[in-house]
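The values are calculated or read from the model by the stated rules, or taken from the named source; none is laboratory data. The shown structure was predicted, so the numbers you read here are calculated from the model rather than taken from an experiment. With ideal geometry, Cβ positions are generated from the backbone for all residues, glycine too; neighbour counts draw on all protein chains shown.
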Amino acid sequence: MTLGSAAAILRSAVMELGIISAPILLASLAVGLIVSILQAATSIQEPTLSFVPKIAAVLGLLLLLGPWLATSMVDYTRALFQSISTL
C-alpha cells in the first residue's frame, strides 16, 4: 500500500461520511433555525424548547432515509473490502 492509495481511501471515506451525515445535519440546522426565529418572535426564552423539534426531525429523517443510508454504507464497505486484494 502506497501513501497515495492510503490517501485515496481516506479521502473517499471522508466523502462518504459527508454524504451520509449531511442530510441529518442540515435538517437539524434548519429546524433549529426555525425554532430560534419563532422563539425570538414570541419572546419565549425556554432553552429546552428547541431540543424536542430537532430530535423529532432527526428521528423522522432517519426513518425516511435509513434504508438509503444503510445501503450507501454497505456498498462503500463492500467496495473497500473488494479493493483490499488490489492493494
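Evaluation of S12 against the conditions (1) in contact with a helix residue (DSSP H, G or I) (Cβ under 9 Å, 6 or more places away or on another chain); (2) free of Cβ contacts under 8 Å to residues at least 60 places away in the same chain; (3) assigned to a helix (DSSP H, G or I) shows that the sole unmet condition is (2). Within segment 59-87, residues that are under 17 Å from S5 (Cβ atoms) sit with their Cβ atoms under 8 Å from residues that are polar (S, T, N, Q), at 6+ positions apart or across chains, in these pairs: Y76/S12; L87/S5.
Take the residues in segment 15-24 that are free of Cβ contacts under 8 Å to residues at least 40 places away in the same chain and not hydrophobic (A, V, I, L, M, F, W, C); name whichever of them is nearest to A70 (Cα to Cα). Ranking the qualifying residues of segment 15-24, first place goes to S21. Listed by first and then second residue, the pairs linking a residue in segment 29-51 that is at pLDDT 90 or above to a residue that is among the basic types (K, R) and not in a helix (DSSP H, G or I), with Cβ atoms under 6 Å apart and 6 or more places separating them unless they lie on different chains, form an empty list.
Whether any residue in segment 35-51 is out of contact with any Phe, Trp or Tyr (no Cβ under 9 Å at 6 or more places or on another chain) and on the phi > 0 side of the Ramachandran plot is what I want to check. Within segment 35-51, one or more residues are out of contact with any Phe, Trp or Tyr (no Cβ under 9 Å at 6 or more places or on another chain) and on the phi > 0 side of the Ramachandran plot.
So that you can scan it fast, the table gives a plain yes or no per residue for (1) surrounded by 11 or more Cβ atoms within 10 Å (Cβ to Cβ); (2) part of a helix (DSSP H, G or I); (3) not acidic (D, E):
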{"site": "S5", "(1), (2), (3)": "yes, yes, yes"}
{"site": "I44", "(1), (2), (3)": "no, no, yes"}
{"site": "L49", "(1), (2), (3)": "yes, yes, yes"}
{"site": "I55", "(1), (2), (3)": "yes, yes, yes"}
{"site": "Y76", "(1), (2), (3)": "yes, yes, yes"}
{"site": "Q82", "(1), (2), (3)": "no, yes, yes"}
